[in-house]
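Laboratory data are not the source of any read-out in this text; all were calculated from the coordinates shown. Given the structure is predicted, the values throughout are model-derived calculations rather than measurements. As a convention, Cβ positions derive from the backbone with ideal geometry for all residues, glycine included, and neighbour counts pool all protein chains shown.
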Amino acid sequence: MKSHKYKAVIFDLDGTLLNTLEDLQDSVNYGLEKYGMQKRTLEEIRRFVGNGVGKLIERAVPKGTTKDEEAKVFSAFKEYYAKHCNDKTDLYPGIRELLSELKNRGYRMAIVSNKLQSGVDALSELYFKNYTGIAVGGKENMPKKPEPDMVYEALRQLGVSKEEAIFVGDSEVDIATARNAGMECISVAWGFRSRAEQEAAGAKIFVNDPMEILTYIY
């Protein structure tokens with residue numbers, strides 16, 4: 001990879017920039033408990049995330065749950081998460097410094113997440129408004145990652161080609177997304193999936209510290 005190729009960096013959100021796992025767990029368990037279902041552990045939630053909150057709830061409810069019951073849990077989850085999405089969430093160590101350095105060096109940035117657009121907007125406003133105003137989240141008529149549509153929308157807003165941007169994520173979904181979009185992918189070691197899980201999904205470039213990302217793009 002040659003440094004001059006890249007003008008922009010597209011980031012996954014959960015597990016890459018922000019550790020959102022505990023707030024997701026609390027919100028899922030609020031919905032499950034409300035309808036008399038067994039709560040889920042943090043490790044279970046870690047395994048369930050990555051394909052959007054609809055899939056998260058589908059995986060969290062007990063086998064045999066009807067679609068109507070699942071929809072009620074999903075509704076309770078959304079209601080709770082809207083108010084509590086930032087109770088325990090925070091940036092991973094070194095992310096703020098990375099984003100500041102990218103901004104100083106003139107890189108454009110965007111966020112692409114399967115999280116509902118409302119949640120993406122709320123967290124982007126809290127953490128990333130000084131770095132980027134481009135945050136593409138889950139919405140109707142927009143296929144979720146690993147389909148490339150959300151990435152293409154981010155590229156459109158950034159005003160760069162796929163060859164001029166690199167994708168940064170923490171999961172097999174992100175690796176497949178970058179592949180489907182025809183982009184290079186940097187996989188992070190601090191997120192929701194292990195290095196082994198990401199390697200099995202085809203990850204080739206790993207970073208253990210956010211600032212290492214600069215060595216691949218500068």
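To the nearest ten degrees, helix 21-34 and the longest principal axis of the Cα atoms of the chain are 20 degrees apart. For A135, the residues 5 or more places off, or on other chains, whose built amide H falls under 5 Å of its own are I111.
Relative to one another, the C-alpha centroids of region 1-80 and region 163-198 are positioned 18 Å apart.
Within the chain, the longest run free of exposed loop sites, counting trypsin sites (Lys or Arg not before Pro) that sit outside DSSP helix and strand states (H, G, I, E, B) and have at most 11 other Cβ atoms within 10 Å, spans 130-203. Checking [x] 1.39; [y] 0.95; [z] 1.00 against Cα Rg over 2.2 N^0.38 Å calculated from these atoms, the matching label is [z]. Positive-end ranking of Y80, G54, L102 along the dipole of region 54-105, with charges on Cβ about the Cα centre, is headed by L102.
Placing +1 on the Cβ of every Lys and Arg and -1 on the Cβ of every Asp and Glu, with nothing else charged, gives region 21-84 a dipole about its Cα centre of roughly 140 debye. Loop-located GluC sites (Glu not before Pro) across region 68-169 with a Cβ neighbour count of 11 or fewer within 10 Å are E140, with loop assigned by DSSP. For the chain, the longest principal axis of the Cα atoms and the long axis of helix 117-127 meet at an angle of about 60 degrees. Would you mind pulling out the separation of the Cα centroids of region 95-136 and region 203-218, in Å? If we compute the Cα centre of each part, the gap is 18 Å. Candidate cross-link partners of K55 among the lysines, defined by an alpha-carbon separation under 17 Å and a same-chain spacing of 8 or more, comprise K39, K63, K67, K72, K78, K115, K139, K144, K145.
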